[in-house]
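Here is the structure we will look at, set down as structure tokens.
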Amino acid sequence: MFNHGIHGRHGIAALALVAGAALSFCVNAAEPVRGAYPILTTPYLADGAVDYASLVEEARWVDAAGVQGIIWPQSDDSIDLLTAEEKKKGIEGLLKASVGFRARLCIGVNGRGTAEMLEIACHAESLAAKQNPRTVFISRPGDDCRTQDDLERYYEALAEVAKRPVIIQTYNGDKCPAPTVELLMKLATRHPAIYGWIKEEVRDGFEANRRMKAEIAAKPPLKTIFSAWGGWQWLYQSRRIGSEGVISERAAVAPLLAEIWRLMEAKDESGKLDAAYAKYLLAINMMQTVPGDLRGYQLVFFREKGIFKTTVSRVCVDKAKDPYKWRLDVLEVDDGVKAEIMRRCGHEGH
């Protein structure tokens, strides 16, 4: 499958030529994959069914906020607690709606194993090629990956299907190893039109920073390194290390994400970046005081905006025993909490 006979300076030159040729055929290869890419929060109806209409309205609202990308399904609950058919139906709706988006749609292609991942990827690839060629993918390591060899096989299988950039998310629970920087470089060298975009999300923040420095030093073949883990280190990683965007389930604060990225790109000439980032941290701190972790305050926000119909969630019963078994949960908060959520998340008319 691979050519392992390329070595030395001539080999590097040959790989560069191959990379250039591959990129020339990549879908919108010249359009950078960087910036603020919030993950959508999945809305549900009262009976626990996915609310696809509200999902599309959420995407439209996030696009209007001015971010560079919109991702779904990629948070743990939407990967683990949705069936393949539910994911595919949501992907279909978002692809149809995204044709006129300024933001780039990014589809999460993940599964309980390689087979389900490929099922989702094949479906998304077929639709994206027809409906929105600007679409890109993101994929975390497979649930059943336990070694670097497993990870390599998983991403090689995806490369056989994908015809567009794939952002590799480096974290998927403590049972699955993160791909080494060397493996990320290997994949990006073999498949320059597919790999080289990284969501650096290992659990240890200091280790994430160490890896991020190594990944940025590996450009090329690596291309864009995104901050993650809610953006808690985004300002530091951008200013001091060189990350080029953020990926996290923070759709409710999309206008703030867009503003922070604009100031980063402008090299903070206005001196407003620290204040914008402080407002962002104040907003996402709501996950510490409102039940529901990442989702809670966002469910309230989107319901108050009239975008979501409920604050219903699918919640894992016992992730350690069965990460795919869920129950329904309904979040209710008082008027004071609602007011505080809307105050902190509100930004310039949004």
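Throughout, read-outs are computed from the coordinates displayed, never taken from laboratory work. Source: prediction; values computed, not measured. Cβ placement follows ideal geometry from the backbone for every residue including glycine, while neighbour counts extend to all protein chains displayed.
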Worksheet, complete the sentence: Relative contact order as a percentage, the chain, C-alpha pairs under 8 Å and 6+ apart, gives 18
Item to complete: Please compute the net charge surrounding Gln74, taking Lys and Arg as +1 and Asp and Glu as -1 over other residues with Cβ under 13 Å from its Cβ.
Response: -1
Item to complete: Count charges around Lys89 for me, please; just the other residues with Cβ under 12 Å from its Cβ, Lys/Arg as +1, Asp/Glu as -1.
Response: -1
Worksheet, complete the sentence: Rounded to the nearest 5, the percent of antiparallel DSSP beta bridges in region 30-268 equals 5
Worksheet item: Can you sort Lys319, Lys130, Lys338 by how many other beta carbons sit within 10 Å, fewest first?
Response: Lys130, Lys319, Lys338
Practice prompt. Pull up the cross-link candidates among the aspartates and glutamates for Lys96, meaning alpha carbon to alpha carbon under 13 Å and not fewer than 8 places away within one chain.
Written response: Glu57
Practice prompt. Only loop residues by DSSP count here, and only those with at most 14 other Cβ atoms within 10 Å; note down the GluC sites (Glu not before Pro) in region 240-305 that meet that.
Written response: Glu269
Worksheet item: With Cβ to Cβ distances under 10 Å as the rule, what net charge do the other residues near Leu294 carry (K, R +1; D, E -1)?
Response: -2
Discussion item. Run the Debye formula on the Cα coordinates of region 239-300, all scatterers equal and no solvent, and tell me log10 I(q)/I(0) at q = 0.16, 0.21, 0.24, 0.29 1/Å.
Written reply: -0.56, -0.86, -1.02, -1.26
